[in-house]
Amino acid sequence: MDHGTVGSAQSGRLLGGGREAGTSAVGTPAGELDPHTADLLREPLEECLAKGFSRLVVDCSRLEFCDSTGLNVLLGARLKAEAAGGGVHLAGMLPVVARVFEITGAEAVFTVHDSVEAALADDDG
């Protein structure tokens, strides 16, 4: 699920990666999630759903910025995952990213965990 980078070395850059962990797929975006980089997260999440993973864990520990476009990518993935009987779990959010979810109220519709390990251990949610 490695989809490279876009943008300059200083800003507008998002690295994408991921792995499978049992019945979950774990995405690991790093950098800035905005209109210029959103597809680097959207596409691998959709690929995971197409492969039959309905439980997606997004490791946000290296996500430095997320605007409304990034939030919409995650909300869209959540709707698709829930329609398939699963969900999207967010893990390790930095305070600046967590604040976006708090301000918009989006934190109420996601399961948020302190770490990827905690998200993977929570198989019921």
task = With viscosity set to 1.306 mPa s and temperature to 10 °C, compute the Stokes-Einstein D of region 14-121, Rh being the Kirkwood radius across alpha carbon pairs; µm²/s, no decimals.
result = 119 µm²/s
key: Protection proxy ranking, peptides 90-96, 72-78, average beta carbon neighbours within 10 Å, highest first   = 72-78, 90-96
task = For the chain, give the share of DSSP beta bridges that are antiparallel, in percent and rounded to the nearest 5; count only bridges with both residues there.
result = 25 percent
ask   = Given the rule -39500 (n - 2.57) for each run of at least 4 DSSP H residues, summed and divided by the residues of the chain, what is its mean residue ellipticity at 222 nm, to the nearest 500 deg cm²/dmol?
value = -10500 deg cm²/dmol
Efficiency of FRET between residue 111 and residue 67 - r from beta-carbon atoms, R0 30 angstrom, step 0.05 = 0.85
task = Can you tell me which of 97-108, 57-68 comes out highest on packing, and rank the rest after it, using the mean Cβ neighbours within 10 Å?
result = 57-68, 97-108
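No lab work stands behind these numbers, since they all come straight from the coordinates. Since the structure is predicted, the reported quantities are computational estimates derived from the model, not experimental observations. All Cβ positions, glycine included, derive from the backbone under ideal geometry; neighbour counts span all protein chains shown.
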